[in-house]
Every structure is written in C-alpha cells, then in structure tokens.
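Only one structure is covered here, and it is reproduced in the block below.
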Amino acid sequence: METILTSVIVAVITGGCSVIAQTAISRSQTQIHVQLTNKRLEDLEKKVDKHNNFMERVAMLEVTKDQFDRSIQEIKDKCRAYD
C-alpha cells in the first residue's frame, strides 16, 4: 500500500512539474512570437509611410505639371497672337 501511495505522489509531482515546464515554455514562445509580430508590423508601417509619402509627391508633381502645361499653352497662345 505504501508503494502505491509513493508511486501516486511521484506521478503527481512529475505531472505537476511537466505542466509548469510546458507553461513556462509556452509563455516564452508566445513572447517571442509577439515581439516578432510587432517588429514586422513596425516594418510594414514604415513601408506604408514611404509609399504614402511617394504618392503625395506624385500628386504634387501632377498639379505642378498641369500648371506648367497651362503656362506653356498661354505662352503659345500669345505667340500665335503676334503671328
């Protein structure tokens, strides 16, 4: 009877230690995964910011080009008036 009780106690202690070890491993893996995910998100945000900045500059260039086109057309019209 005493050996059975000892075996049960050993099994419970072993099982408890296994659960504690698995919990610790799982938490550390989760923390690593969260840190990696956060880093990837930061990198993506930087890429999106660069893209948005580029698109804003393209839009400004289009407006500037339209202004130049109008100015050139006005100059052409004035030149035609002198012909």
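Laboratory data are not the source of any read-out in this text; all were calculated from the coordinates shown. This one's a predicted model, so the numbers in the text were calculated from it and none came from an experiment.
Output the number of residues of the range 39-69 satisfying the condition of being more than 29 Å from the chain's Cα centre (by Cα) and aromatic (Phe, Trp, Tyr).
1
Scan the range 12-38 residue by residue and report those that are of a type outside the set (D, E, K, R) and within 25 Å of the chain's Cα centre (by Cα).
SER26, SER28, GLN29, THR30, GLN31, ILE32, HIS33, VAL34, GLN35, LEU36, THR37, ASN38
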